[in-house]
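Comments concern the structure below.
Just so it is clear, none of the values below were taken in a lab; they were calculated from the coordinates. Everything numeric in this text was worked out from a predicted model, so none of it was measured. Every residue, glycine among them, receives a Cβ derived from its backbone with ideal geometry; neighbour counts consider all protein chains shown.
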Amino acid sequence: MYSKAEKAKIRKEFWTAFGQYMKPVPNADGFRTNWQNYKTGVKDIYFRMKAEREFTSVGIEITHPDLELQQLFFEQFESFKKSLESELGEKWNWELHKEEEFGKIISRIHKIKSGVNIMDQNDWPTIISFLKPRILALDSFWCNFKPAFEEL
């Protein structure tokens with residue numbers, strides 16, 4: 001097994017490699033983007049990528065502490081569901097008001113790929129191949145629909 005320091009080092013190496021791989025890729029507006037720490041520009045809406053020991057995932061997280069406003073954001077995404085799924089080219093999981101690992105209630109729209117392990121460097125190409133097209137598709141969707149969320 002890995003020590004805590006070894007796990008942290010491997011994770012940092014993965015996200016550095018991912019960042020270097022994605023660095024030359026412009027966003028939908030043609031600008032440079034910090035892909036691994038994507039800024040949506042709308043408070044309480046995040047695009048999150050995770051790489052763990054049993055899975056990798058990418059998705060939208062809505063973290064507003066007011067659950068009614070969190071639901072309003074979620075319903076706004078639902079109103080654009082066809083456009084989002086068209087951009088993504090696949091269906092994602094939609095979860096309203098779920099408790100996350102730290103006990104906070106969030107809503108998320110996400111896709112998970114099981115059977116990959118960030119600790120295994122041989123899985124890194126598979127993880128990156130999973131994350132890259134999906135974060136690019138989210139960016140493309142966001143480029144067109146962000147104004148609808150800024151008004152909420």
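Summary table below
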| read-out | value |
| --- | --- |
| Range in the chain, longest, excluding exposed chymotrypsin sites (Phe, Trp or Tyr not before Pro) [loop by DSSP; at most 14 other beta-carbon atoms within 10 Å] | 32-101 |
| Under DSSP loop assignment and at most 13 Cβ neighbours within 10 Å, longest trypsin sites (Lys or Arg not before Pro)-free interval of the chain | 105-152 |
| All-pairs alpha carbon distance profile, segment 3-152, 10 Å steps from 0, percent | 10, 39, 36, 14, 1 |
| Filter on Lys43/Lys132; Lys91/Lys132; Lys12/Lys82 - keep pairs with C-alpha separation over 26 Å | Lys12/Lys82 |
| Per-selection Kirkwood Rh - segment 23-64 (Cα, Å, 1 d.p.) | 11.7 Å |
| Around Arg48: net Lys/Arg minus Asp/Glu count, Cβ-Cβ under 9 Å | +1 |
| Computed label-point distance, nm, for sites Leu67 and Lys12 using a 7 Å Cα→Cβ extension | 3.9 nm |
| Distance histogram for segment 107-152 (every C-alpha pair counted, 10 angstrom bins, percent rounded to whole numbers) | 22, 39, 25, 13, 1 |
| Two-site FRET efficiency, Trp94 against Asn34, from Cβ-Cβ distance with R₀ of 30 Å, rounded to 0.05 | 0.65 |
